[in-house]
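Structure first, commentary second.
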Amino acid sequence: MNVADYGSAILEELRAVLSKVSPDEVSAFAGDLLAARRIFVAGAGRSGLAGRAFAMRLMHFGLDAFVIGEIATPAYSGDDLLVVCSGSGETGSLVSIADKARRIGGKIALVTIVPDSTIGKLADRRLVLPAPSPKAKAGDGVRSIQPMGSLFEQALLLLLDAVILELMARRGATSDGMFTRHANLE
């Protein structure tokens, strides 16, 4: 195989995974985002990077969004939404964050492979992304030529970008309008 063949195989894997995501779950998740006073995003590793990209787009969209662990992240409250990006739903630091958010009283949404995981049981909303990963023995029978959790992490980024498109459609937002919130001191 060459790079074009690998790329085609990866794109087909992504298409297969994303085609299994529930449109109803995405719609409900988008509603949660719009209803929240503020949105806090948490994730670890490459899933955390996808979550950070999502928080940035939420900010560009005009929502108050923060990344857990950043120095300027404010206190979480009962009017807020915590979005956890975790394939397994079992990452120790993320379980602790979700548990504390539950005790504070805000809403929790989990984007995951395993909806009945520890974080899934704490969450008010579960958005299932059925990709295979060695850390999550699930994935709805989907196989991947890619190593480790790459397919989940890539599909996570694309799914969260699709959620942004859903938000834009609901509010009539445009890319040009969102660009006015892009960083300008770079």
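Please treat every number below as a calculation from the coordinates, not as lab data. Keep in mind that what you see is a predicted model, and the values were worked out from it rather than measured. Counting neighbours? That spans all protein chains shown, and the Cβs are built from the backbone with ideal geometry, glycine included.
Since only 88, 184, 11 are under comparison, the one whose Cα sits farthest along the positive direction of the charge dipole of the chain, derived from C-beta charges on Lys, Arg, Asp and Glu, is 88. Remark on residue 43: its backbone amide H falls under 5 Å from those of 85, a criterion applied only to residues 5 or more positions apart or on other chains, H modelled at 1.01 Å from N.
For the stretch 154-186, trypsin sites (Lys or Arg not before Pro) are listed when DSSP marks them as loop and at most 14 other Cβ atoms sit within 10 Å of their Cβ; the list is 181. Computed from phi, the 3J(HN,Hα) profile of the stretch 85-99 under the Karplus parametrisation 6.51, -1.76, 1.60 (θ = phi - 60°) reads 9, 8, x, 7, x, 10, 4, x, 5, 6, 4, 4, 5, 5, 5 Hz, with x in place of Gly and Pro. Taking amide hydrogens as placed 1.01 Å from N in the peptide plane, the amide H of residue 108 sits under 5 Å from those of 82, 124, 125, each at least 5 positions away in sequence or on another chain. With kT/(6 pi eta Rh) evaluated at 10 °C and eta = 1.306 mPa s, and Rh the Kirkwood radius from Cα pairs, the stretch 3-178 diffuses with a coefficient of 98 µm²/s according to Stokes-Einstein.
Residues in the stretch 42-78, backbone N under 19 Å from the label point at residue 186 (7 Å along the Cα-to-beta-carbon vector): list them, ranges by number please. From the stretch 42-78, the list is 49-63, 65-67. Here the gap between residue 4 and residue 178, fully extended at 0.36 nm per residue and compared with their Cα-Cα distance, gives a gain of 59.3 nm. Estimated from helices alone, the mean residue ellipticity of the chain at 222 nm is -15500 deg cm²/dmol (sum of -39500 (n - 2.57) over DSSP H runs with n ≥ 4, per residue). Computed extension length for residue 70-residue 158: 29.4 nm, one decimal, from 0.36 nm per residue of separation with the Cα-Cα distance subtracted. With the charge dipole of the chain set up from +1 on Lys and Arg Cβ and -1 on Asp and Glu Cβ about the Cα centre, the Cα lying farthest toward the positive end among the listed residues 31, 69, 49 is that of 69.
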